[in-house]
Ligand SMILES: [Zn+2]
């Protein structure tokens, strides 16, 4: 009996439960169709290991990989009035919000945090495309203002990862008002002399590109990201012309002077460390996990100075 319950039964259970494994542990690349092991895909930051296609990544997963030791602190964002227009299309707006909350585990489409990258203190904000298409409503406006205010308070650069289908139609004109509001927030950073770096991810479209996503000091995009105000289909129908290959994609926009860099997700952390340190006037980051700098090293210049005076 013991042998059956201790050995045979678990063995049978494991054989049967194994059948469910492929569905849960493998996901398919949306570009090349390769089956990717979930852990391998997560370790590669949701970039296909076969073709390099950049799939969506949640703000939380991005920040875990971005910040030193995966450590960051959330910045509070004031909650706006819920459903101000009492809006309803096929579904009520509050019902859509509840569904998005259930699917993502996040309360809204933007996450604002503070932490260090390569020992460089920054404030960062990331838009969540899986939350109602990352749409820019009053909350996203509040989030960007909170991020800019915190960056000015701490004297840190702001790094923003954009991803949005545009403005949130359920909030009507109130969502469009976020364009001037976020522009003012960006202006606060400029007045304080702090760098504002935008990382444009797939897709960044609509009112978001017409405001905060295109007002950075440096614009970096992820490979093949669609970045536009009106999409290629709308433009094609309007001008009745076939659009060139790769139109409105990151590489095309880089060639046409709309972007500064196109950087793969795996190299983004290093790139952001270099750029933020350079713009903040800090020395280059120490590569690897070296011990804390020797305090004696700081004293050397002071000792050297009188020696030079002596020569004169
Ligand atoms: Zn692929």
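The values are calculated or read from the model by the stated rules, or taken from the named source; none is laboratory data. Remember, predicted model here, so these are calculated numbers, not experimental data. Cβ coordinates were reconstructed from backbone atoms using ideal geometry, including for glycine residues, and neighbour counts include every protein chain displayed.
Of the residues making up the stretch 23-35, those that are within 8 Å of the ligand (Cβ to nearest atom) and within 11 Å of residue 50 (Cβ to Cβ) are 29, 31, 32, 33, 34. For residue 7, the conditions (1) modelled with pLDDT under 95; (2) touching a strand residue (DSSP E or B) at 6+ places or on another chain (Cβ under 7 Å) are fulfilled apart from (2).
Let's see how each residue does on (1) touching a strand residue (DSSP E or B) at 6+ places or on another chain (Cβ under 7 Å); (2) within 15 Å of residue 142 (Cβ to Cβ); (3) modelled with pLDDT of 95 or more:
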{"position": "160", "(1), (2), (3)": "yes, yes, yes"}
{"position": "170", "(1), (2), (3)": "no, no, yes"}
{"position": "175", "(1), (2), (3)": "yes, yes, yes"}
{"position": "179", "(1), (2), (3)": "no, yes, yes"}
{"position": "186", "(1), (2), (3)": "yes, yes, yes"}
{"position": "192", "(1), (2), (3)": "no, no, yes"}
{"position": "197", "(1), (2), (3)": "yes, no, yes"}
{"position": "200", "(1), (2), (3)": "yes, no, yes"}
{"position": "203", "(1), (2), (3)": "yes, no, yes"}
